[in-house]
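In what follows, a single structure is set out as structure tokens and then discussed.
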């Protein structure tokens, strides 16, 4: 599979995740509000706009990904895949140190446990992949702020209307 095909597949996966998560989160919010049974919404869902350009590995991604610098790519090729691409998030070094400490080799480790430990270590090291980067976090912050501004305006309007009615 070419790198272009991989990028297209990752973009499609991001789009599917975006659609499914918006649907499920929206349904969860509606369910909780219905269970609360109050006349006003107590829980809200701040939906973000997330076009394909922001998808994982896209040119303008808003998600943490892999450090694909030319130097890193050359190292992967020259090592025949023994050197792996690191994630490009800001806490990678701290997380890697923590992962190495938590998933360090045990003296009495069986082959099955070694394989499980190595899998968990890899998952730990790549935990940031697909999560919002700084620009992605700003999308969430802006959506929440906009929703809160809209909500406070509605509340103020209702309070003014109720005080005029009295």
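The values are calculated or read from the model by the stated rules, or taken from the named source; none is laboratory data. The structure presented is a predicted model; accordingly, all values stated were derived computationally and were not measured. Here the Cβ positions follow ideal geometry from the backbone for every residue, glycine too, while neighbour counts run over all protein chains shown.
Couple of notes before you dig in:
- Candidates 65, 26 - the one that is closer than 22 Å to residue 148 by Cα and surrounded by 12 or more Cβ atoms within 10 Å (Cβ to Cβ): 26
- Residue in the range 97-105 that is touching a residue at least 24 places away in the same chain (Cβ under 8 Å), under 17 Å from the mean Cα position of the chain (by Cα), over 18 Å from residue 138 (Cα atoms) and outside the structural domain of residue 4 (by TED's automatic domain parsing) present: no
- Any hit, the range 6-22, residues being farther than 30 Å from residue 152 by Cα, in contact (Cβ under 8 Å) with a residue 40 or more places away in the chain and either in a loop (DSSP other than H, G, I, E, B) or in contact with a strand residue (DSSP E or B) (Cβ under 6 Å, 6 or more places away or on another chain) (or both): no
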